[in-house]
Amino acid sequence: MPNMSLKKNEMPVQDPQVRNHNFSEVALGYTEEQALDEAERCLNCKNKPCVGHCPVAIDIPGFIAKIREKDYEGAYQIINRSSSLPAVCGRVCPQETQCESKCVRGIKGEPVAIGRLERFVADWHNAHATEKAKAPESNGHKVAVVGAGPSGLTCAGDLAKMGYKVSVFEALHLAGGVLVYGIPEFRLPKAIVQKEVDTLKELGVEVDTNTVIGRTLTIDELFEDGFEAVFIGSGAGLPRFMNIPGENLKGVYSANEFLTRVNLMKAYQDGSSTPIQHAKNVAVVGGGNVAMDAARCAKRLGAENVYIVYRRSEEEMPARREEVEHAKEEGIIFKVLNNPTEIVGDEHKFVCGMKCVEMELGEPDESGRRRPVEKKDSEFLMDVDCVIMSIGTSPNPLIRNTTKGLDTNRRGCIITEEETGLTSREGVYAGGDAVTGAATVILAMGAGKKAAKAIDEYIRSK
Amino acid sequence: MYQIVEKKVLNPTVTLMKVKAPLIAKKAEPGQFIILRVDENGERIPLTIADYDREAGLVTIIFQIVGATTEKLNHLNEGDYIHDFVGPLGVPSHVEGLKKVAVVGGGVGCAIAYPIAKKLHELGAEVHSVVGFRNQDLVILEDEFKAVSDKFVLMSDDGSCGEKGLVTDALKKLIESGEQYDEVIAIGPLVMMKFVCLLTKQYNIKTVVSMNPIMIDGTGMCGGCRLTVGGETKFACVDGPDFDGHLVDFDEAMERSSMYKPFERHQHEETCNLFKKEVQA
């Protein structure tokens with residue numbers, strides 16, 4: 001008999017006033033009882049609308065059925081057929097707009113907590129599985145993957161499972177891309193990312209860190225080295241600024257820089273040699289998930305007041321609901337309908353304030369959201385000593401500038417065929433933020449997956 | 001991991017290392033840089049490539065011991081490994097088409113200026129090198145510079161070697177004596193580059209400087225290395241490190257480079273104490 005409770009099993013979390021002083025994971029994960037209880041809420045319906053709304057089409061009712069049987073490893077194997085990074089997706093996917101958004105149970109009440117169940121299964125596997133992933137028999141073909149982020153790792157994993165010899169080239173000293181430099185430890189523990197990368201290595205994937213494609217090697221040189229196809233998953237790493245006065249003062253960071261110092265370089269730990277400013281009053285400009293991450297990190301570093309400054313209203317914020325709620329619980333102060341106009345510095349050129357104007361919402365703009373318009377004579381000064389710009393990123397130009405015949409659009413994104421990820425160059429595929437501009441981890445993974453399939457077809461047809 | 005195959009102490013605070021990094025050696029050009037991490041918890045620091053040997057697969061770095069990271073790096077010896085070493089990053093210096101150039105180097109900046117002087121010399125340009133140091137003990141690369149320069153002027157702050165005075169004094173003298181340069185390339189402390197640019201501006205001589213700001217990734221991701229050039233924000237790692245010196249906002253660059261001074265001083269002292277303890281034990 002299914003569990004007909006209208007509500008999901010709640011996710012156990014660290015107390016907000018405790019967790020905003022540490023970097024340990026916020027959400028603690030379901031217990032076995034909670035997972036079993038939640039699994040009983042799935043009706044195993046015929047249409048499976050959830051599967052159609054998963055970018056990598058995981059057999060969701062299938063793995064939930066295995067949970068009900070208490071066959072957690074079986075559940076893991078079902079997820080693993082479609083996703084190379086289950087423990088990651090269970091944590092950072094926006095399930096509310098994907099699989100869970102179409103769950104039949106969501107029509108009356110809350111949908112099945114698919115993401116939390118996915119995380120339970122992946123964590124169970126990581127804690128209990130003893131068998132290592134086995135490298136399949138090689139088919140003798142070599143494929144290069146540029147960038148060890150979500151799209152690249154997914155593409156590499158899928159190709160390795162088909163028998164390809166895959167080399168992943170990563171510019172930083174650590175594999176993971178945004179999963180290690182961007183998303184903080186308290187949302188996605190780095191040990192989990194490392195585990196997923198290790199699993200890929202067991203499948204025979206080679207990861208070359210400290211290798212910048214476009215500098216150390218070019219795409220053309222990869223073909224000369226015998227790679228038959230290349231997948232570009234280099235991400236959208238170039239930070240944007242507002243171009244207002246004072247942005248080069250000391251104490252103004254891009255969210256990328258701030259998060260990289262904290263996450264990748266572990267500046268929050270005592271043993272790290274990477275410095276970071278321990279500010280008192282921090283303004284984070286922007287309303288996306290990255291802005292929430294930056295604000296919550298700043299709080300954990302000891303800031304007394306952390307503000308989210310966003311020019312539209314809370315309704316238009318692109319961040320996940322859950323992230324906004326978590327941020328508020330932790331004491332982040334939301335200053336919506338405010339737009340910075342100038343950052344003010346002291347005599348030593350450190351930030352000592354930020355001038356803002358109040359905004360109101362006008363007619364909808366091309367994004368469909370109501371356009372923010374400045375209120376007359378509404379200027380005011382915020383007392384802050386650190387400003388973190390989190391207003392988006394654009395694709396890095398290194399690869400497009402060093403690869404002939406690779407077409408990009410006016411925003412610098414690589415142009416690809418929707419279904420295959422094929423670029424304007426034969427044998428060169430691309431996906432993730434390098435193609436779409438800043439988007440989500442799971443969309444990047446979906447693109448990596450499609451490209452892996454297309455690369456396989458391309459090489460086999462040669 | 002990247003092995004140190006040769007280490008040479010150039011003066012009490014400046015060390016040269018040749019590091020095995022064949023892919024970087026194959027591609028490196030003057031003006032480009034690498035980023036390294038000494039050990040697992042180390043910070044990422046940029047260092048300009050001082051020389052390279054494509055056949056042997058070696059990249060030469062020359063660094064001044066200024067903080068905790070360079071202190072730790074200096075404690076490594078031949079045969080030891082550097083944890084991470086990535087490059088070549090940045091845009092190579094533009095040297096093509098130049099016929100007569102004054103290369104001005106200050107202190108450890110000479111390590112960056114030298115490969116450019118060498119490349120210009122190889123391309124057949126007339127090279128006048130002006131190098132300056134605080135005193136005789138700190139002089140580096142004197143013979144190397146002489147070998148690639150048509151004119152060589154050594155300056156020291158205290159007159160203990162070469163002529164007493166600043167590199168700007170020597171450069172001014174050369175220009176006043178009628179030397180006509182296509183370009184001046186100035187590499188050294190920010191304050192030196194600033195004053196070279198103020199001087200050459202008076203004579204309207206194009207001047208290129210190499211900027212070495214605080215950086216993390218070196219590929220354009222963090223934006224920490226941004227500086228203002230001609231009123232626009234540029235990233236030193238992908239747009240530079242070379243820029244038109246007459247357009248660079250040096251005062252802002254100097255301020256930005258001091259962002260973590262107290263932290264750096266503290267880290268350096270801690271590291272030194274650690275090494276002292278090791279020696280005593």
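The values are calculated or read from the model by the stated rules, or taken from the named source; none is laboratory data. Just so it is clear, the model here is predicted, and its values are computed rather than measured. Cβ coordinates were reconstructed from backbone atoms using ideal geometry, including for glycine residues, and neighbour counts include every protein chain displayed. Surface areas here come from the heavy atoms of the whole protein model, side chains and all, with no ligands, DNA or RNA. Shrake-Rupley method; radii C 1.70, N 1.55, O 1.52, S 1.80 Å.
Restricting to region A:378-432, count the residues that are of a type in the set (Phe, Trp, Tyr) and either in a loop (DSSP other than H, G, I, E, B) or within 13 Å of chain B (Cβ to nearest Cβ) (or both). Give the steps one after another, and end with the answer.
Of region A:378-432, the ones of a type in the set (Phe, Trp, Tyr) are A:380, A:429.
Pick out the ones that are also either in a loop (DSSP other than H, G, I, E, B) or within 13 Å of chain B (Cβ to nearest Cβ) (or both) and you get none.
Here the count works out to 0.
Scanning region A:124-145 for residues that are over 15 Å from A:ASP198 (Cα atoms) and either part of a helix (DSSP H, G or I) or open to solvent by less than 10 Å² (accessible area, probe 1.4 Å) (or both) gives A:TRP124, A:HIS128, A:VAL143, A:ALA144, A:VAL145. Per the conditions (1) touching a helix residue (DSSP H, G or I) at 6+ places or on another chain (Cβ under 7 Å); (2) closer than 25 Å to B:HIS268 by Cβ; (3) within 11 Å of chain B (Cβ to nearest Cβ); (4) not hydrophobic (A, V, I, L, M, F, W, C), the sole criterion not satisfied by A:TYR268 is (3).
Of the numbered criteria (1) in contact with a strand residue (DSSP E or B) (Cβ under 6 Å, 6 or more places away or on another chain); (2) at negative phi, the one B:VAL191 fails is (1). Exactly one residue out of B:GLU252, B:GLU269 is more than 30 Å from A:GLY235 (Cα to Cα), within 10 Å of chain A (Cβ to nearest Cβ) and in a helix (DSSP H, G or I), and it is B:GLU252. For region B:53-71, the set of residues classified as within 14 Å of chain A (Cβ to nearest Cβ), more than 23 Å from B:GLY220 (Cβ to Cβ) and at pLDDT below 95 consists of B:VAL66, B:GLY67, B:ALA68, B:THR70, B:GLU71, listed by residue number.
From the list B:GLU232, B:GLU183, B:GLU179, which residue is among the charged types (D, E, K, R), surrounded by fewer than 18 Cβ atoms within 10 Å (Cβ to Cβ), under 19 Å from B:ILE116 (Cβ atoms) and in the same structural domain as B:SER129 (by TED's automatic domain parsing)? Can you show your working first?
Working: B:GLU232 fails: under 19 Å from B:ILE116 (Cβ atoms); B:GLU183 fails: surrounded by fewer than 18 Cβ atoms within 10 Å (Cβ to Cβ).
After applying the criteria, what remains is B:GLU179.
Beta carbons closer than 9 Å, at least 6 apart along the sequence or on distinct chains, never pair a first residue in region B:44-62 that is assigned by TED's automatic domain parsing to the domain that holds B:CYS225 with a second that is surrounded by 23 or more Cβ atoms within 10 Å (Cβ to Cβ).
Candidates are the residues of region B:230-249 that are without any contact (Cβ under 8 Å) to a residue 60 or more places away in the chain and among the charged types (D, E, K, R); the one that is farthest from the other protein chains (Cβ to nearest Cβ) is B:ASP244. In the set B:ILE214, B:ILE140, only one residue is assigned to a loop (DSSP other than H, G, I, E, B), touching a Leu at 6+ places or on another chain (Cβ under 6 Å) and assigned by TED's automatic domain parsing to the domain that holds B:GLY245; that residue is B:ILE140. Out of region A:27-60, which residues are assigned to a loop (DSSP other than H, G, I, E, B) and buried (at least 20 other Cβ atoms within 10 Å of the Cβ)? A:TYR30, A:ARG41, A:CYS42, A:CYS54, A:PRO55, A:VAL56, A:ILE58, listed by residue number. Looking at B:LEU166, B:LEU199, B:LEU227, just one residue is free of Cβ contacts under 8 Å to residues at least 40 places away in the same chain and either within 14 Å of another protein chain (Cβ to nearest Cβ) or of a type in the set (Ser, Thr, Tyr) (or both), and that residue is B:LEU227. Within region A:363-377, being under 22 Å from A:ASN243 (Cβ atoms), out of contact with any Gly (no Cβ under 7 Å at 6 or more places or on another chain) and in a strand (DSSP E or B) holds for A:PRO372, A:GLU374.
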